[in-house]
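K.L.:
Input: one structure, supplied below.
The values are calculated or read from the model by the stated rules, or taken from the named source; none is laboratory data. These figures come from a predicted structure and were not determined experimentally. Here the Cβ positions follow ideal geometry from the backbone for every residue, glycine too, while neighbour counts run over all protein chains shown. The protein model used for the area step is the full one, side chains on, heavy atoms only, and it has no ligands, DNA or RNA in it. Shrake-Rupley method; radii C 1.70, N 1.55, O 1.52, S 1.80 Å.
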Amino acid sequence: MVKQEQAAGAGETLANSNTGTAGSGATVVSTMEAATTRMAATPAAALPAATTVSGARIDVAPGTREELTANKDFYRIDIDLESPALNKNDWMLEIKGLFDKPRSLKYADLLALPAVTQPVTMGCISNPVGGDLISTSNWTGVRLRDLLMSLGIKPEARELTIRSADGFFENVVMQDMLDDRTLLVYGMNGESLAKDHGFPLRIYIPNHYGMKQPKWITSIEAVKDHKQGYWVERGWSEEARPQITAVVDIVAKDQIQDGKAPVGGIAWAGDRGIKKVEVQVDGGPWVEAALRLPPLGPLTWVQWRYDWPVQKGPHTFTVRATDNTGALQIEEAKQPEPEGATGYYTARVTI
């Protein structure tokens, strides 16, 4: 996989989108209720209301990454070094194959459809434990299921083949086609997608790594036979389900109060959510950390905090997480290929 530098440049502010009906953690309203001015421009969405209630959640350890990643900092992995440059006035989305009413959509046609916004964490399958190839954003777009039904997808259709302007391709299976959280995305944090992040259209599919989620989409074809995607053909996971992961972002040794230093980070498990985060210091007992609940949404990472009784000297902090199914993070350290990296993250700090 080709790792790119962080994308530069912002997209245009979204405007003139319709509202729709929210589901599975997505929110669709007429005005933005988020805390920042830029997100207030999102035309049809807001973060879950609980995130705006003062005092409803714990304070994170100073130095913990933000819950929402700025567009310029969102990670990028593509098959080419240079992103396709597509003009929204010339671009068309060809929808073909096993449909009663196949058609092509212009960019303006997409924006005229009911819009859904949901906060989402996406990670790259090639990300090492604790790596920076993971980010969280508010995605705005069209619910894929609704679009397919409106075009009369035929009963014999079993998958969608999605192709991109850069030559990338991937298949979407029936389970994901019918998931009301699967979106054809054209907006990111209240702006149109930037060139480096898939403008004018990408897809979001819950509980999969980014390798299953094409950008710069130009065609969607309903087919009856299974085909392997670009990275699957090259030996990566067919399912690409996110591994449970927890990371220490900070041991805030300059923020000691009452003999305790705040330790913080994030944990993520795809759409399974995080039930518990535990911290171990110097090989001692596992101690449960506090979670900042609710998270931005059921599809995002969660921030955690542990107030550690300070002791002078060098120390090793290890963190692990349990998801909402009760599954504990895999301790055995494995490289990302082919199923995603596993192992516990460790941070070393001297006080």
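K.L.:
Inspect all residues belonging to the range 214-230 and state whether any of them is aromatic (Phe, Trp, Tyr) and open to solvent by less than 10 Å² (accessible area, probe 1.4 Å).
P.N.:
Within the range 214-230 (the criterion being aromatic (Phe, Trp, Tyr) and open to solvent by less than 10 Å² (accessible area, probe 1.4 Å)), the answer is yes, since at least one residue qualifies.
K.L.:
For Pro214, state whether it is within 30 Å of Val319 (Cα to Cα) and touching a residue at least 12 places away in the same chain (Cβ under 8 Å).
P.N.:
It is false that Pro214 is within 30 Å of Val319 (Cα to Cα) and touching a residue at least 12 places away in the same chain (Cβ under 8 Å).
K.L.:
So in the range 121-143, with the set limited to residues that are among the aliphatic types (A, V, I, L, M) and in contact with a Pro (Cβ under 8 Å, 6 or more places away or on another chain), which one is nearest to Gly210 (Cα to Cα)?
P.N.:
Among those that are among the aliphatic types (A, V, I, L, M) and in contact with a Pro (Cβ under 8 Å, 6 or more places away or on another chain), it is Ile125.
K.L.:
Cβ-Cβ distance below 8 Å, separation of 6 or more or different chains: which pairs start in the range 311-334 with a residue that is free of Cβ contacts under 8 Å to residues at least 24 places away in the same chain and assigned to a loop (DSSP other than H, G, I, E, B) and end on one that is open to solvent by less than 100 Å² (accessible area, probe 1.4 Å) and hydroxyl-bearing (Ser, Thr, Tyr)?
P.N.:
Cβ pairs passing all conditions: Glu331/Thr342; Glu331/Tyr344; Glu332/Thr342.
K.L.:
Also, quick follow-up: For the range 232-264, how many residues are touching a Lys or Arg at 6+ places or on another chain (Cβ under 8 Å) and not aliphatic (A, V, I, L, M)?
P.N.:
Final tally of qualifying residues: 3.
K.L.:
Confirm whether Pro84 is farther than 24 Å from Leu68 by Cα, open to solvent by 10 Å² or more (accessible area, probe 1.4 Å) and modelled with pLDDT under 95.
P.N.:
Judged against the criteria, Pro84 is a match.
K.L.:
Only one of Thr346, Thr322, Thr316 is surrounded by fewer than 22 Cβ atoms within 10 Å (Cβ to Cβ), of a type in the set (Val, Ile, Thr) and within 19 Å of Arg241 (Cβ to Cβ). Can you tell me which?
P.N.:
Selected residue: Thr322, the only one of Thr346, Thr322, Thr316 that is surrounded by fewer than 22 Cβ atoms within 10 Å (Cβ to Cβ), of a type in the set (Val, Ile, Thr) and within 19 Å of Arg241 (Cβ to Cβ).
K.L.:
Within the range 265-283, which residues are open to solvent by less than 40 Å² (accessible area, probe 1.4 Å) and of a type outside the set (Phe, Trp, Tyr)?
P.N.:
Gly265, Ile266, Ala267, Ala269, Gly270, Gly273, Ile274, Val277, Glu278, Val279, Gln280, Val281
K.L.:
Here's a follow-up. Can you tell which of Asp132, Asp166, Asp180, Asp146 is surrounded by fewer than 24 Cβ atoms within 10 Å (Cβ to Cβ), touching a strand residue (DSSP E or B) at 6+ places or on another chain (Cβ under 8 Å), in contact (Cβ under 8 Å) with a residue 24 or more places away in the chain and within 20 Å of Arg76 (Cβ to Cβ)?
P.N.:
The conditions single out Asp166.
K.L.:
Look at Trp286 and say whether it is aromatic (Phe, Trp, Tyr), touching a residue at least 12 places away in the same chain (Cβ under 8 Å), closer than 30 Å to Pro309 by Cβ and open to solvent by 20 Å² or more (accessible area, probe 1.4 Å).
P.N.:
Here the answer is yes, as Trp286 does meet what is asked.
K.L.:
Moving on. Kindly indicate the residue of the range 66-93 that is without any contact (Cβ under 8 Å) to a residue 60 or more places away in the chain and of a type in the set (S, T, N, Q) and also farthest from Ile250 (Cα to Cα) among those meeting that condition.
P.N.:
My answer is Asn89.
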